[in-house]
Each structure stands twice: as structure tokens, then as C-alpha cells.
Amino acid sequence: MARRAFGVAAGTVVAGAAMAIQASPALAAGMPQLDFGNKLTISQIVWLAVIFLALYLLLSRWALPQVGAVLAKRAAVIATDLEAARGAKQQADAAVAELTKATREAHATAQADIAAAVGKAKAEADAQAAALNARLDAQIAEAEQRIAVARIAALGALEQVAVATAHEVVVRLIGTPIDSGLVPQAVSAVLAERAT
């Protein structure tokens, strides 16, 4: 495309020079630099065409192919870099997906471990509570037995005290000794009535 544009430009310059040479008598009166009757002006135009042609050939045969090669190489490097970037993005997306999956699995495992630990702690606490309740029940039963024994002992002592007191009171009231077997029977009957 650049060669074609250069070719068109070169053709235009040469055609313009040829027209300027043909139109020289009309332009000579107004503009001396366009006086093509002068040999110096014609040689300048010829040299202009030669230099332009040499530049055209130099650019089209040497400079433009090098520029094209550099551009092609650069396009290839850019394409390679883009492909590498796409590959890296795919790898990064895969790594993110794997990390997300691993995070979810770790979270689920942690929740399961926490639930298991809570269940175990609850079972241990229930077992300890049951053992403590059993021990407390045993202690309460033992204490109730001791209380019952103490009550029986107290009631027995109370009955003896009541018999002795009743015997003394009756002897003082009556003034004569009484049968010692009657007082315990009477006290036992009164205590049995009150217990019911």
C-alpha cells in the first residue's frame, strides 16, 4: 500500500514537471523560478525527479520492508503475549476455583469437627451430671438413713425421757409408787397416736 502511494506520488511529480516544462512561456513572465527556458531550472527539475526516484526506490526496496518486518515481528510478539496472558488468566481462574473449593471443604470440615466436639462435650457433661446426680442421690439416701436412725434414736430417747418424766410426775401427784410397767405402755400409746 505504501509502495503504491509512493508510485502515485512519483508519477504526479514527473507529470507535473513535464507540464511545467510545456507551460514555461506563459509562466516565465510572471514567475522566474518557473522559466523552463533556463537550463538551470530544467537541470534542477531533472535532478529533483532523479532524487525523488532514488528516494522512492530506496524507501520501497529497503526501508519499507524493514519497517514491515519490524511491525510483523511486533504483531507476533503482541499475539504471543496475548496468548500467554490468556493462558495465565485461565490458570489463575482455575487456581481461584480450586482455592474456593478447598475453602468450602475446609469450612465444612471445620463445622463438622465443631459439631462433633460440641456433641462429645455435651455427652461428657451429661455423663458427669449423671454421675454427680447418682452420687448426690446416694449421699441423700445415706443422709436420710442417718436421719431416720437419728430420729428413731431420738424418739427412743424421747420415749425413755417421757416414761421417766411421766413416772416422776405421777408419783409426785399421787404420792405413792406405781407399777413401772404401766407408764411405758401409756407413753407408747400416746406417742403412737401422735405419730399417726
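Could you work out how far apart the two model spin labels at ALA134 and LEU34 are, taking each label as a point 7 Å from the Cα in the direction of the beta carbon, and quote it in nm?
Roughly 12.7 nm, to one decimal.
Full-extension gain between ALA88 and VAL46, please, as 0.36 nm times their residue separation minus the C-alpha to C-alpha distance.
Fully extending the segment from ALA88 to VAL46 adds 9.1 nm.
Which lysines, on any chain, are close to LYS101 with Cα under 29 Å apart, when same-chain ones fewer than 8 places away are left out?
Cα-Cα hits under 29 Å: LYS89, LYS120.
In the P(r) worked out for segment 151-195, what percent of Cα pairs fall beyond 11 Å?
When every Cα pair of segment 151-195 is considered, 65 percent fall beyond 11 Å.
Taking a cut-off of 17 Å between Cα atoms, list the aspartates and glutamates near LYS73, but don't count ones fewer than 8 places away on the same chain.
Partners found: ASP81, GLU83.
Determine, from the Cβ-Cβ distance of ALA106 and ASP126 and an R0 of 25 Å, the FRET efficiency 1/(1 + (r/R0)^6), rounded to the nearest 0.05.
0.25
Taken together, the values in this text are just the output of simple stated rules run on the coordinates, not laboratory data. Computed from a prediction, not measured in an experiment: that's the story for all the values here. Quick reminder, even Gly has a Cβ in these numbers, built from the backbone with ideal geometry, and neighbours come from all protein chains shown.
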